[in-house]
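Report on one structure; see the data block that follows.
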Amino acid sequence: MGQGSNSSTLRQYNERVVISAVRKAGVASKPDLARSIGLTLQSLTRIVDALEEKGLLEKSGRRSVGIGQPSNLYQIKADGLFSVGIKLGRQNIEYVLSDFAGQVIDKASHRYKEPTPEQLIDSLSSGIEVMLGKLSPAQRQRFVGVGIAMPWFLGNWAAQHEMAPDIAQQWVDIDFANELEQRLPYSIFFENDCSAAAAAELYFGQIKAANNFLYIYIDTFVGGGLILNGNLERGVHSNAANLATLPVPQSRLDSQSNTSGWDTLVNRASIATLLRHLQFHQVNIDNIADLADIIDDNRALVHDWMQDCAEGVVFCIMSCVSFLDLEKVVIDSQLPAFLLIELISMIKRRLAAMPTSNLFVPQIEKGSLGEDAIAIGGAILPLYSHFAPDRTVLLKGGVPDRLQQK
């Protein structure tokens with residue numbers, strides 16, 4: 001590699017670092033950025049000016065500090081870039097149209113029961129076009145791609161009673177990522193759903209100041225993401241923080257039939273388990289969206305599940321902090337916000353009662369993106385293919401072959 005190429009690579013890396021620093025700070029002056037990044041003010045000025053010229057940063061006022069001219073403050077230019085993020089879930093697709101500042105411009109969703117790959121590809125194609133229709137022609141020129149946040153091992157849905165075996169086999173047999181790239185005229189990026197949500201919290205949430213945290217997302221199932229040193233840790237097999245399969249003591253709920261003494265976290269801390277518990281007690285509910293309609297009459301059942309869920313999550317947290325030294329654990333969910341707040345309070349109380357000799361118990365915080373976390377995580381993927389300091393956050397082109405369960 002020649003000197004010019006090395007210089008170009010270093011400049012691009014420094015641009016990524018500057019954008020990341022501005023995003024974390026919200027607004028920052030050139031002297032602030034030079035000090036925090038460790039560049040000379042002259043070098044930093046050239047980078048900021050170039051990013052402003054490209055339409056990626058913009059001035060957002062001035063600040064006076066002591067004697068001398070006030071310093072310009074810079075922030076991310078929201079309309080600098082646009083992307084579409086997609087949560088490809090087990091029961092629905094969620095779309096968000098996002099700008100460079102992580103603001104959701106528009107969103108939509110589509111429910112399904114047992115989708116075939118062909119049905120989902122058709123749905124994705126039309127849904128993306130609806131989102132792009134919200135952009136002006138000038139904004140469309142700054143559209144950088146589609147990010148899809150999805151669970152790995154799609155063919156295993158049948159094992160969780162979420163999909164008929166013949167349809168699940170179609171997912172096993174297809175190279176879904178390759179098929180999408182062949183059929184859709186966009187740059188497409190893929191990531192595990194809860195890892196994408198963790199990245200969304202890191203870059204766009206209220207936990208931006210934390211550099212080391214475990215992220216837990218309680219959805220239809222449960223999943224996680226791991227942030228270390230300010231970057232998403234994906235692991236050797238792109239499967240880090242696969243919390244669903246973490247062994248935990250068996251559930252105490254009467255709706256759970258396992259009596260082996262041990263279970264997995266997904267059977268204690270998932271919305272599917274909550275719905276199953278309610279259905280076991282003859283409550284007519286099939287979707288978390290209907291919980292608000294039945295909760296007043298079934299508060300005791302929901303509370304029982306929350307107690308059981310909290311116990312499983314605490315076991316998970318203690319297992320993780322025994323070998324990971326973390327600042328925080330961030331918990332988010334599709335649960336109604338008031339239930340998630342109550343659940344986190346239960347978790348904190350149980351942690352406070354645990355024997356923690358020689359362990360540093362992390363702070364427990366509620367995630368800030370809620371039901372949109374995974375889709376916003378998808379929207380991050382194309383943006384940060386160009387602008388993340390750590391490119392290992394991203395997976396371009398598809399699900400790794402090793403994750404195509406055969």
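Here, each number is a calculation from the coordinates, and none is a lab measurement. All figures in this text were calculated on a predicted structure; none of them were measured in a lab. Note that we place each Cβ from the backbone using ideal geometry, even for glycine, and neighbour counts take in every protein chain shown.
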- prompt: Quick one: which of 264-275, 30-41 comes out on top by average Cβ neighbours within 10 Å, and what's the full order, highest first?
  reply: 264-275, 30-41
query: For region 115-266, what ratio Rg/Rh do Cα atoms give with a Kirkwood hydrodynamic radius?
result: 1.02
- request: Give, to the nearest whole percent, the P(r) tail of region 294-371 beyond 22 angstrom, counting all Cα pairs.
  value: 26
field: Cα-based helix-to-principal-axis angle, 337-352 vs the chain, degrees rounded to 10
entry: 80
message: What does the C-alpha gyration tensor say about the overall shape of region 3-76? Classify as rounded when a/c is under 1.5, otherwise prolate if a/b is larger than b/c, or oblate.
response: prolate
- prompt: Among the listed pairs LYS30/LYS77; LYS77/LYS134; LYS59/LYS107; LYS24/LYS77; LYS113/LYS348; LYS24/LYS328, which are separated by more than 25 Å between their Cα atoms?
  reply: LYS59/LYS107; LYS113/LYS348
field: Charge context of TYR74, other residues only, Cβ under 12 angstrom, K/R +1, D/E -1
entry: +2
- line: Checking rank on 173-184, 355-366, with mean other Cβ inside 10 Å and highest first, the result is 173-184, 355-366
query: Given just the C-alpha atoms of the chain, how large is their convex hull per residue in cubic angstrom?
result: 180
message: Translational diffusion coefficient of region 206-368 at 25 °C, 0.890 mPa s, Stokes-Einstein with Kirkwood Rh over Cα pairs, in µm²/s as a whole number.
response: 150
message: Taking the Cα centroid of region 226-295 and of region 17-48, what is the distance between the two, rounded to the nearest whole Å?
response: 42
- prompt: Tell me, Kirkwood radius of region 18-138 from alpha-carbon pair distances, in Å?
  reply: 17.0
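Please list the equivalent ellipsoid semi-axes of region 80-192, computed as the square roots of five times the alpha-carbon gyration tensor eigenvalues, in descending order and whole angstrom.
The three semi-axes for region 80-192 are 27, 13, 12 Å.
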- line: Check: C-alpha center region 300-321 vs C-alpha center region 328-367, spacing in Å is 9
statement: Measuring from the longest principal axis of the C-alpha atoms of the chain, the long axis of helix 41-53 (C-alpha) lies at a number of degrees, nearest 10, equal to 70
message: 5 Å is the cut-off here: which amide hydrogens, built 1.01 Å from N in the peptide plane, fall below it relative to PHE190, excluding neighbours closer than 5 in sequence?
response: ILE148, LEU395, GLY397, GLY398
- request: Please determine, in degrees from 0 to 90 and to the nearest 10, the orientation of helix 373-387 with respect to the longest principal axis defined by the Cα atoms of the chain, where the helix direction is its Cα long axis.
  value: 30
